[in-house]
């Protein structure tokens, strides 16, 4: 699949087949994520692939109602960003880590997988961050749900280019 097609056809999926992605498949996605643009080449992105114990810790931190949404996808990857304390570098690195997270979703789609980028409430709590070992020197970016799709998603409406772009003199 070419890049333009991947960008235009990637969708958010909330229903997946039960099989986890193979470790090698996840490693390939994360290897591609390392190529995200990064101003000072600080490689700020951090990825944690959740296994059964870490998922259970996160579900405990989330509580029973929110925990059900964590079971949607068979493979979960938490993306965070290392922060060094300089406000300008930290902001640039946060954006780079967000690009890396999107590369994971786009690369997954290009391989026939489905994905969903979430920022659940539990990841804005000390308990949720601790469940995944995300410390003070990192900022949470997103929880990426990955798996095989079980349904087609409709094409979402997008604002016309003229509504979101301004060409300046």
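Coordinate-derived values only; no laboratory data. All figures in this text were calculated on a predicted structure; none of them were measured in a lab. All Cβ positions, even for glycine, are placed from backbone atoms using ideal geometry, and neighbour counts span all protein chains on display.
What to note about this one:
- Filter result for residue 114 (touching a strand residue (DSSP E or B) at 6+ places or on another chain (Cβ under 6 Å) and farther than 17 Å from residue 48 by Cβ): yes
- Residue ID - nearest to residue 91 (Cα to Cα), chosen from residues in region 11-44 that are without any contact (Cβ under 8 Å) to a residue 40 or more places away in the chain and not in a loop (DSSP other than H, G, I, E, B): 31
- There is no residue in region 60-76 that is in contact (Cβ under 8 Å) with a residue 40 or more places away in the chain, under 23 Å from residue 29 (Cα atoms) and out of contact with any strand residue (DSSP E or B) (no Cβ under 8 Å at 6 or more places or on another chain).
- Residue 107 being touching a residue at least 60 places away in the same chain (Cβ under 8 Å) and under 26 Å from residue 126 (Cβ atoms): no
- Set 127, 136: member being in contact (Cβ under 8 Å) with a residue 12 or more places away in the chain and farther than 24 Å from residue 23 by Cβ: 127
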